[in-house]
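Read-outs throughout are calculated quantities, based only on the coordinates presented, and are distinct from any laboratory measurement. All figures in this text were calculated on a predicted structure; none of them were measured in a lab. Cβ: placed from backbone, ideal geometry, glycine included. Neighbour counts: every protein chain shown.
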């Protein structure tokens, strides 16, 4: 096993190609033995009938007169030196090969594939399906995040090519700050709002009610107050309603202060008046007592 032979392709099918080594002696090269790549492809993508090909003998059964061959074994297995060529945090250009609901499979080179999870495509955009972000055959810049050499798996990221802008957003979109936003689309129980830098926020239905009682519409530009900021989950909660609701509350508080102030002044005035009345009354009583005493003294004389 492992010996090299040269033959001519005589029959080809989707699953593989039959190669004649010498008259009456043929071997099968299965499509999985044509490339180190894990992509499902047809044998016609690698070989043609009549083509001369060099291959390695993988198995040989003389009694059954069966021989299996391989041509990928003529090239080094790229996974043997994967950690040297694609170390963690290294940046590369890959080709988009396939989509799933949870991410994109890309090829770094023949035989070396990796997965970019949908959450690692963008720092700011919320992507429902990878097809919204790129297309099959496109080039995609990636960063190596994790590696499992034994199971031939690479975890890659695209958004990591750039610094995390949420570190900056944390100081920009502070809770309580007000920003201009555009209503992008209505979603369950609320709407997505596009803020500066193209970042998305979310406002619940009750926080989209305007001062006149109507609800904000798609493409409408309004002022929004930040009511929640979560860097880890990349979530910004917004409210337009709180702007005028809080203004009304502040106005009500000011009125209560004025009312309380007036009441306090009135109480002070009443208290002062009572004090004056009591003082006057006591004075009158004293004068009457003195007058009575004087009169009694005159009568005794």
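Tabulated data for the structure shown
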read-out: Contour excess over end-to-end distance, with Cα ends at residue 62 and residue 8 and 0.36 nm allotted per residue; value: 17.4 nm
read-out: FRET E, pair residue 131, residue 93, Förster distance 25 Å, beta-carbon r, rounded to 0.05; value: 0.80
read-out: Percent RCO, i.e. relative contact order, over segment 4-74, from Cα pairs under 8 Å lying at least 6 residues apart; value: 36
read-out: Gained length - residue 175 relative to residue 248, 0.36 nm times residue gap less alpha-carbon distance; value: 24.3 nm
read-out: Using a Förster distance of 25 Å, the FRET efficiency for residue 22-residue 51 (Cβ separation, nearest 0.05); value: 0.90
read-out: FRET efficiency, 1/(1 + (r/R0)^6) with R0 25 Å, evaluated for residue 168 and residue 109 via beta carbons; value: 0.10
read-out: Inter-label distance for residue 150 and residue 81, nm, one decimal - labels placed 7 Å from Cα along Cα-to-Cβ; value: 2.4
read-out: Column: log10 I(q)/I(0), Debye, Cα scatterers of segment 4-74, q = 0.17, 0.18, 0.21 Å⁻¹; value: -0.53, -0.60, -0.81
read-out: Peptide ranges 94-104, 25-35 listed from the most packed, as the mean C-beta count within 10 angstrom indicates; value: 25-35, 94-104
read-out: Euclidean distance of C-alpha centroids, segment 49-128 and segment 209-254, integer Å; value: 50
